[in-house]
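Take a look at the structure below.
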Amino acid sequence: MSTPAEIDVVTRTVWGEARSEGTAGMVAVAWVIKNRADKGGWWGNTLEGVCLKKWQFSCWNDGDPSAPYLRGRKTIPPREYMLAREAVVAVLDGHETDPTLGATHYYAPRSVKEPAWAKGATKTTQIGHHIFFKNVP
């Protein structure tokens, strides 16, 4: 069972990573977070730990335009926050199946070039502007 604080961190991460991707994109990013937490290990063993692991979700990186919102220095628009939170809660409560097919990674080709980790990984799907992967070497 997730705590309200943990749901808040996941919600902020989903908002920071996928707010322009609609509900489907937000659900997909929430699943990546859940898949990493379920696997545990290097990423962390909790949802919050996965979200806050350094360099894993660019929205938390210093200099990212989303970071001030995620860290509470600016306010996420309430309607946008609630949409992200609804996606997160739907995933965590089991109301949304995993559209990423077990992905633990994704990237947006319109924002970054293909990361080195994508070579040799299994592409599972594309949802909106994000391409999802599992079996990342």
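Scan region 93-137 for residues that are in contact with a Leu (Cβ under 8 Å, 6 or more places away or on another chain) and not in a strand (DSSP E or B) and the total you get is 0.
In this structure, is V50 surrounded by fewer than 18 Cβ atoms within 10 Å (Cβ to Cβ) and among the aliphatic types (A, V, I, L, M)? Taking the combined requirement at face value, the residue does not satisfy it. Scanning region 51-81 for residues that are outside any loop (DSSP other than H, G, I, E, B) and either touching a helix residue (DSSP H, G or I) at 6+ places or on another chain (Cβ under 9 Å) or at positive phi (or both) returns C51, L52, S58, C59, W60, A67, Y69, L70, E80, Y81. In region 80-98, what residues are surrounded by fewer than 16 Cβ atoms within 10 Å (Cβ to Cβ) and under 18 Å from D38 (Cα atoms)? Answer for region 80-98, where residues must be surrounded by fewer than 16 Cβ atoms within 10 Å (Cβ to Cβ) and under 18 Å from D38 (Cα atoms): A90, D93, G94, H95, T97.
Scanning region 25-42 for residues that are over 11 Å from the mean Cα position of the chain (by Cα) and in contact (Cβ under 8 Å) with a residue 24 or more places away in the chain yields a count of 1. Out of A84, A24, A28, one residue alone is modelled with pLDDT of 95 or more and touching a Lys or Arg at 6+ places or on another chain (Cβ under 8 Å). It is A84. Scanning region 40-50 for residues that are at pLDDT 95 or above and not in a loop (DSSP other than H, G, I, E, B), which turns out nearest to H105 (Cα to Cα)? By that ranking, first place goes to V50. If only residues of region 99-124 that are on the phi > 0 side of the Ramachandran plot and not hydrophobic (A, V, I, L, M, F, W, C) are counted, the one that is surrounded by the fewest Cβ atoms within 10 Å (Cβ to Cβ) is G120.
When A108, A84, A67 are screened for being of a type in the set (G, A, S) and over 28 Å from N135 (Cα atoms), only A67 passes.
The values are calculated or read from the model by the stated rules, or taken from the named source; none is laboratory data. This is a predicted model, so every value here is computed, not measured. No Cβ is skipped: glycine too gets one built from the backbone with ideal geometry, and neighbour counts run over all protein chains shown.
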